[in-house]
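> Sharing a structure below in structure tokens format, with a few things to ask.
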Amino acid sequence: MARAVISRDKQIDDREVELEEECLKLLALHQPVAADLRLIVAVLKINNDLERIGDHAVNIAERAEQLAGLKRVPVPDEIVELSKQAKLMLRKCLLAFVETDADIAKGVIGTDDLVDELNKRLYDELINRIRRQPDNVEQAVFMLSVCRQLERIGDHACNIAEDVLYLLTGDIVRHSGTEDSVSRARVTPLRPQAASPKLPVGDGKH
């Protein structure tokens, strides 16, 4: 399974370049303005974030390959929860884009603190495991790397959600640090049981 993920990296890279070239053609040939311009800018940025998420997935797969060659050790429950939250954030931010839904985008941003907290707890637990079980240092180090990759996937999902808000409002909320910009005080973190229907995968032609 890990090798299957790694083998698709080139395909993701190629699709990123194709989409970027298409966006640049639209900018050059049609000189869009207002909402059309915001759409193309948002797509360019989202395109880059999705490619980076693919890179993090490859890194996780590489750690999985390395772990498969070592003595099996228990995986902390928080890693499972962290992976669920990261996947949910990614799925929801793309749904927010497809549905042009600001509330879903805000929900993704509101989940970021939960992912950061899970990552911090996992870091502390794995560091303590290294101290207690020095014979299993390699496994703990690889798990730490996986946690970091999952946390970064959550960050990229937040970037996409912020780009959706830019698309809908014209406001750049990234790095703003203000409650008004993203209405953080009224955001409810995402819950897996509230997940929406699956997005269509498509045939790869669009």
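The values are calculated or read from the model by the stated rules, or taken from the named source; none is laboratory data. Fair warning: this is a prediction, and the values are worked out from it, not measured in the lab. We place every Cβ from the backbone using ideal geometry, glycine too, and count neighbours over all the protein chains shown.
> Which of the residues belonging to segment 113-125 are within 17 Å of the chain's Cα centre (by Cα) and without any contact (Cβ under 8 Å) to a residue 12 or more places away in the chain?
Glu117, the sole residue that qualifies.
Okay, residues lined up against (1) of a type in the set (Gly, Ala, Ser); (2) modelled with pLDDT of 95 or more; (3) out of contact with any Gly (no Cβ under 6 Å at 6 or more places or on another chain):
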residue: Asp55; (1), (2), (3): no, yes, yes
residue: Asn59; (1), (2), (3): no, yes, yes
residue: Arg63; (1), (2), (3): no, yes, yes
residue: Gly69; (1), (2), (3): yes, no, yes
residue: Val75; (1), (2), (3): no, no, yes
residue: Ser83; (1), (2), (3): yes, yes, yes
residue: Leu90; (1), (2), (3): no, yes, yes
residue: Ile104; (1), (2), (3): no, yes, yes
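> Moving to a separate point now. Taking into account only those residues within segment 70-107 that are part of a loop (DSSP other than H, G, I, E, B) and of a type in the set (D, E, K, R), which is farthest from Ile172 (Cα to Cα)?
So in segment 70-107, the residues part of a loop (DSSP other than H, G, I, E, B) come out as 70-76, 100-101.
Filter once more, so that each one left must be of a type in the set (D, E, K, R): 71-72, 101.
Values: Lys71: 48, Arg72: 46, Asp101: 16 Å.
So the residue we want is Lys71.
> Is it true that Ser176 is modelled with pLDDT of 95 or more and surrounded by fewer than 21 Cβ atoms within 10 Å (Cβ to Cβ)?
no
> Same structure, new question: Consider Val115 carefully, then state whether it is touching a Gly at 6+ places or on another chain (Cβ under 8 Å), of a type in the set (A, V, I, L, M, F, W, C) and surrounded by 19 or more Cβ atoms within 10 Å (Cβ to Cβ).
Yes; evaluated as a whole, the condition is true for this residue.
> If Phe142 satisfies every condition in (1) aromatic (Phe, Trp, Tyr); (2) farther than 23 Å from Lys87 by Cβ; (3) at pLDDT 95 or above but one, which is the exception?
(2)
> Looking only at residues in segment 126-135 that are closer than 19 Å to Asp77 by Cα and either crowded, with 18+ Cβ neighbours inside 10 Å or among the acidic types (Asp, Glu) (or both), which one is farthest from the chain's Cα centre (by Cα)?
Looking at residues that are closer than 19 Å to Asp77 by Cα and either crowded, with 18+ Cβ neighbours inside 10 Å or among the acidic types (Asp, Glu) (or both), I get Arg129.
> Okay, moving on. All but one of (1) in contact (Cβ under 8 Å) with a residue 12 or more places away in the chain; (2) farther than 29 Å from Ala68 by Cβ hold for Asp171; state the number of the condition that does not hold.
Of (1) in contact (Cβ under 8 Å) with a residue 12 or more places away in the chain; (2) farther than 29 Å from Ala68 by Cβ, only one is false for Asp171: (1).
> Select, from Leu39, Leu67, the only residue that is more than 21 Å from the chain's Cα centre (by Cα), in a helix (DSSP H, G or I) and farther than 19 Å from Ile153 by Cα.
Just one listed residue meets the conditions, Leu67.
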